[in-house]
Structures are given as structure tokens and as C-alpha cells.
Amino acid sequence: MEDYQLLIDLHKNAYRQGPGGDTESKKALDLGMLDKSQPLKIADIGCGTGASTLLLGNLLDAQITAVDFLQDFLDILNTRAKNSGLAEKISTLCCSMENLPFEDEEYDVIWSEGAIYNMGFEKGVIDWNRYLKVGGLLVVSEITWISNSRPLEVQQYWEKEYPEIDVSSSKIKILEKNGYSPIGYFVLPEHCWLDNYYQPMQNNFQDFLMRNGNSEDARAIVEAENKEIELYKKYKNYYSYGVYIAKKLHLP
Ligand code: SAM
């Protein structure tokens, strides 16, 4: 994965690789109203170094398969799971979220924070549906417009980065169209972006540049991240991650 080495280097020592928070993951779990009478089978897709995987492991009687296509992130997750006494509950799987080796109706819960955009929300919720038991829970966070209109600068930036960005009513419609019953939605608050994700990343920029000989590629990454952070600070009233909680009713 030569192309990813700089991104791995920038993100692997962070607690999380995208906006989110333990309190917010717990809130999503509570909204899901899971039946906890039996051990649960959970897939955490695009888990990174496992912020949500470890939280779920701590809170639930569950077997969790944590999936990411970067083995470096999974190695860190394995170490964290071992150090937290969660190794028995968590196994890791290095593969693409678009080509999962799961059985039909294998899982009680599919969880994915800040990752489904890599294959696109609609394709993701359609593809992953079959791995869920009927009545099983889907929890996904997805970048979302939180107002009906917005300044052109931010609209153009995000439509270029992620053409599927949309308002929550459109995302919920996609869930309804594809065999899910949406049961909860909320917006990640500012601290999930700034305190939990952007600030720790910014604190690491100088070391990152030094480790990588201040190379042009490393500088370009820092510049792009700084641009994204400035944009967030300027336009945070217009977009965030939405957290979508839905039950599977039937196949798409
Ligand atoms: N869920 C983690 C969190 O919230 O801290 C990580 C979020 S990070 C923004 C997205 C993750 O998806 C990264 O760990 C990345 O390696 C992973 N990823 C990207 N494309 C992927 C793919 N096609 N298949 C599997 N994982 C992928």
C-alpha cells in the first residue's frame, strides 16, 4: 500500500481517524435499543485504529469483526484490544469494505463511523444489507448538509470531495428505499470535529513533516488538511456528520 504510507503515518497514532466521540457512539447505541439478552455479532467497517470497536467491546457482550483495508491500523487496534483485555472479543480483518467475505444474515449489528463514503452511502447500505439479520441494526455516520442551503464555497468544496453529500432527509429516504426502518438520527457536535479529530491531528503536523523530511508530498497533505479545517471552522453551521441508526426490515 505504498500510496497510503504518508496517510498512515499521519493518522495511525491518533485515537480516531475521523470526527466522532465515545459519548456520541454510546448515544447511537442507546438509540438502537438492541436486545442484549444474547451475545451479539458485530462488524465495525472502516474501523481505523478502533475507537468505536473498543467502545463497543467495552459496553457489549459481543464478538466484533473490525474491518479495514489498512493492516497498519489493524495492528494498532490488535495491540489496543490486547492492552484493554478485549482481545477475546475483537478480531480484525484486512479487506475492502466493497468485497466483504461475510455470510448472508451473519450479523446483529453493522457499525461504521466516518467510512461508508469510501464506497458511497447508497452503495454501502445496499451492499451491507444482506449481511444483517432481519431486525438487525445498522449504525453509520455520513457527512451531511445540516441546512437546506449553504454558501457556494462550501457547497463546491464538498461536492467535489464527495458528490453524494446531501441533507439527512435524502439519506433517510435512501435507507427507507433499501429495506431499512430508520429509528434515529443525530448530528455530531463540534467537539467531535475540533477536539477529538482536528486538534490532535494539527498537534502532530510538525513531527509528521520532520519524520518525512519535509517532503513535497507531506507538505501537500498538511496543506490539504489545514484547508479542510479552516473550511470546517468557517462553515460548521452548514455541515457535519449525521449518525443514522436503522433496523433492517428486508432485502433492498
Ligand atoms: N472509523 C474510524 C474512526 O472513526 O476513527 C476510521 C474513520 S477513517 C475517516 C476511514 C477508515 O476507512 C480508514 O481507517 C480507512 O483505512 C478505511 N477505508 C477506506 N477505504 C476503505 C475500503 N475500501 N475498505 C475498507 N476500509 C477502508
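Data table
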read-out	value
Residue tally, condition away from the ligand (no atom under 11 Å from the Cβ) and at pLDDT 95 or above, over region 38-52	5
Matching residues, region 76-122, being under 29 Å from Asp9 (Cβ atoms), charged (D, E, K, R) and surrounded by fewer than 14 Cβ atoms within 10 Å (Cβ to Cβ)	Lys82, Glu98
Candidate set from region 123-143 (those that are within 14 Å of the ligand (Cβ to nearest atom) and farther than 16 Å from Pro252 by Cβ); member that is surrounded by the most Cβ atoms within 10 Å (Cβ to Cβ)	Ser141
Index of the failed condition, Gln155 passing every other in (1) among the polar types (S, T, N, Q); (2) surrounded by 15 or more Cβ atoms within 10 Å (Cβ to Cβ); (3) farther than 19 Å from Ser25 by Cα; (4) in contact (Cβ under 8 Å) with a residue 24 or more places away in the chain	(4)
Qualifying residue in region 221-243 (condition: of a type in the set (S, T, N, Q) and more than 19 Å from Glu161 (Cα to Cα))	no
Residue count for region 16-37, restricted to those that are more than 8 Å from the ligand (Cβ to nearest atom) and touching a residue at least 40 places away in the same chain (Cβ under 8 Å)	10
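The values are calculated or read from the model by the stated rules, or taken from the named source; none is laboratory data. Since the model is a prediction, treat every value here as computed from it, not as a measurement. Counting neighbours? That spans all protein chains shown, and the Cβs are built from the backbone with ideal geometry, glycine included.
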